[in-house]
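Laboratory data are not the source of any read-out in this text; all were calculated from the coordinates shown. This is a predicted model, so every value here is computed, not measured. All Cβ positions, glycine included, derive from the backbone under ideal geometry; neighbour counts span all protein chains shown.
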Amino acid sequence: MAPWFSWTDNAISDLGKSKVSSAKFFNYGIIITGFLLLIYTTVLSERIMGNGRLKNVGSLVMGLSSLFLILVAVYSLPLDIHFYVSVPFFIFFPLSFLIIDFLNFKSKHNFKRKMSYFAFLVFLIAVISSVFLLVFDDVAIPEVLVVFPGFIWYMIFGFGIISNVDI
């Protein structure tokens with residue numbers, strides 16, 4: 001629906017520009033995804049985040065990334081505020097995985113420990129993806145490298161919850 005889109009010359013948010021024919025479809029999809037991640041965060045915080053203050057910090061950071069994802073679509077391009085809601089999403093999203101790793105890498109539960117290592121990998125991929133900013137004119141590739149591994153993590157952990165893996 002967007003033959004003009006280039007992975008090296010655009011940002012993913014360009015698909016949601018108000019003048020683009022697919023913008024409503026794209027933005028509603030982002031909003032729904034943000035709400036689903038917000039719900040997922042509450043389940044995740046109960047199942048994996050641990051106890052005490054760090055649990056609250058981890059849940060807060062994941063929840064904030066979900067809220068900023070919603071705001072990315074609500075304040076779509078070309079609005080100036082879009083930058084100020086998209087950047088925090090791309091900071092809080094990988095940061096939440098670092099917190100998950102920190103809270104669970106010494107877990108006695110095998111699944112939880114493995115997911116912790118994967119969470120750290122998601123964080124590392126996000127940090128390393130910033131190198132692409134030096135090569136390409138825009139940020140679509142680094143954005144995908146930040147988000148895609150995280151969503152895979154969400155799916156695997158969700159499958160673990162549904163399968164009643166000992167978490």
task: Please get the size of the charge dipole for region 13-162, origin at its Cα centre, with Cβ charges of +1 on Lys and Arg and -1 on Asp and Glu, quoted in debye to the nearest 20.
output: 700 debye
- request: Enter the Cα centre distance for the pair region 93-167 and region 55-80, rounded to the nearest angstrom.
  value: 17 Å
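Which order do the peptides 91-99, 152-160 take when ranked by the mean count of other beta-carbon atoms within 10 Å per residue, highest first? Intermediate results must be reported in sequence, preceding the final value.
Numbers: 91-99: 21.8, 152-160: 14.8.
The packing order, highest mean first, is 91-99, 152-160.
What does the extension gain come out to for K114 and I161, with contour length at 0.36 nm per residue minus their alpha carbon separation? Kindly include the intermediate steps, with their values, before the conclusion.
Details: separation 47, 0.36 × 47 = 16.92 nm, distance 1.41 nm.
Net length gain for the segment: 15.5 nm.
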- prompt: Spin-label point model (7 Å from Cα, Cβ direction): what's the I152 to K19 distance in nm?
  reply: 3.7 nm
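Between V57 and L79, how high is the FRET efficiency from 1/(1 + (r/R0)^6) when r is the Cβ-Cβ distance and R₀ = 25 Å? Nearest 0.05.
Numbers: r = 30 Å, r/R0 = 1.21.
Efficiency computed from Cβ-Cβ geometry: 0.25.
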query: With contacts defined as alpha carbon pairs under 8 Å and 6 or more residues apart, what's the relative contact order of region 13-162 in percent?
result: 19 percent
- prompt: Which angle from 0 to 90°, rounded to the nearest 10, does the C-alpha axis of helix 110-128 make with the longest principal axis of the chain?
  reply: 30 degrees
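Quick one: how many lysine pairs does the chain have with C-alpha atoms less than 23 Å apart and a gap of 8 or more or different chains? Give me the count, please.
Working: K55/K106; K55/K108; K55/K112; K55/K114; K106/K114.
Eligible lysine pairs with Cα atoms under 23 Å apart amount to 5.
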statement: Expected vector for region 28-38, Karplus 3J(HN,Hα) from phi with 6.51, -1.76, 1.60 and θ = phi - 60°, integer Hz, x for Gly and Pro, equals 5, x, 5, 5, 4, 4, x, 5, 5, 5, 5
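Send over the semi-axes of region 13-162's equivalent ellipsoid, whole angstrom and largest first, taken as the square roots of 5 times the C-alpha gyration tensor eigenvalues. Working shown, then result.
Values: eigenvalues 157, 57, 33 Å².
Working from the Cα gyration tensor, I get semi-axes of 28, 17, 13 Å.
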